[in-house]
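To start, the structure itself, in structure tokens.
The values are calculated or read from the model by the stated rules, or taken from the named source; none is laboratory data. Just so it is clear, the model here is predicted, and its values are computed rather than measured. Please note: Cβ atoms are built from the backbone with ideal geometry, for glycine as well, and neighbour counts cover all protein chains shown.
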Amino acid sequence: MKRNGTEILDTFAEAFPVWLSRVLVTAATREWAYKAAVEATGFATSKIGCPCEAGIERVLSPVETPDGRPGVSILICTEKKLMKANLAARISQCILPAPTASAFDGFPQAKSRFYIRMHYFGDQYEEQCVVGGRRCWKIPIMEGEYVGEERFGTVKGIAGSNFLVMGEDQPSALAAAEAGAAAIAEMPGVISGFAGGIVASGSKVGCKNYRFPMPASTNHQFCPTLKGRINDSLVPDGVRSVYEIVINGVDEGSITDAMRAGIDAATRTGGVLYIGAANFEGKLGEFRFNLHDVWT
């Protein structure tokens, strides 16, 4: 199967269930909302070594936010039992200190909910208020007041879907991956949490028997420099550089739409030889996204 002249390999991306919370970060300007959102999604690329996975979902217009200010929505992905601690830490340490920033719940209809107890920071000087029909707290701070919600919802989602951009050299493969990541950015219901939405060092579960074993290690089957040195290489002939785009989302439909848009944009650059996907033969997760089915 080909797309824009690029061969789409007959394989699948493997993904696993996760819980998601959405935070609507607002501020006096779009720039400050975005800066706060960037801080709040830091060190959150992979559950392998980070406390959670998180990323910017999209920019919000004032009509889409509870307080009528510019905003940015972010998704936080982790185990249900860890969500409260992760969300509370990122709001209190990254959004609360950011100039003019506020945080609101992005899943107000979710049945599963929790409190992050932000008002404790007010040291008994805090006051309750209502913003856009939502119960919030006003906390006195040096700037003036922080105003935001402290009750948030969490819903079931999917993490780890992906596709691989395979090029004849590093510049062409990276340019194609950048185009794919850009197409996915701003799509509702999904995030690509790595730097620029792109992974240069894809991983597999476990490693060889070192004295200090790692929970994950380089995905050697997709390392072009190992082709010819290993018996199980999955790098096609002519490919010298591979990039991965990992997608987390609220449901299968959102992820499929993102994969379709990202692959289409990547293949339109003319610098991609193949599009593939990483999987572990169904051993990692219960969700499968077959690359050929993305187009049906």
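Residues in the stretch 88-128 that are farther than 18 Å from Glu64 by Cα, in contact with an Asp or Glu (Cβ under 9 Å, 6 or more places away or on another chain) and assigned to a loop (DSSP other than H, G, I, E, B): Pro97, Ala98, Pro99, Ile116, Arg117.
What is the one condition in (1) closer than 19 Å to Phe289 by Cα; (2) under 19 Å from the mean Cα position of the chain (by Cα); (3) at pLDDT 95 or above that Ser201 does not satisfy? Against the list (1) closer than 19 Å to Phe289 by Cα; (2) under 19 Å from the mean Cα position of the chain (by Cα); (3) at pLDDT 95 or above, Ser201 comes up short only on (1). In the set Phe222, Phe163, only one residue is touching a helix residue (DSSP H, G or I) at 6+ places or on another chain (Cβ under 8 Å), at pLDDT 95 or above and either under 23 Å from Ile48 (Cα atoms) or crowded, with 23+ Cβ neighbours inside 10 Å (or both); that residue is Phe163. Can you confirm whether Ser217 is assigned to a strand (DSSP E or B) and either exposed (fewer than 14 other Cβ atoms within 10 Å of the Cβ) or more than 20 Å from the chain's Cα centre (by Cα) (or both)? Criteria met by Ser217.
Taking the stretch 226-259 as the range and being buried (at least 16 other Cβ atoms within 10 Å of the Cβ), of a type in the set (D, E, K, R) and part of a helix (DSSP H, G or I) as the test, only Asp257 passes.
Any residue at all in the stretch 159-180 that's of a type in the set (D, E, K, R), more than 29 Å from Leu87 (Cβ to Cβ) and part of a helix (DSSP H, G or I)?
yes
Where residues in the stretch 26-56 are assigned to a loop (DSSP other than H, G, I, E, B) and surrounded by 16 or more Cβ atoms within 10 Å (Cβ to Cβ), which of them is farthest from the chain's Cα centre (by Cα)? Restricting to residues being assigned to a loop (DSSP other than H, G, I, E, B) and surrounded by 16 or more Cβ atoms within 10 Å (Cβ to Cβ), the top hit is Ala27.
Looking at Leu75, is it in a strand (DSSP E or B), outside the structural domain of Ser203 (by TED's automatic domain parsing), closer than 22 Å to Ser192 by Cβ and in contact (Cβ under 8 Å) with a residue 60 or more places away in the chain?
For Leu75, the condition - in a strand (DSSP E or B), outside the structural domain of Ser203 (by TED's automatic domain parsing), closer than 22 Å to Ser192 by Cβ and in contact (Cβ under 8 Å) with a residue 60 or more places away in the chain - is met.
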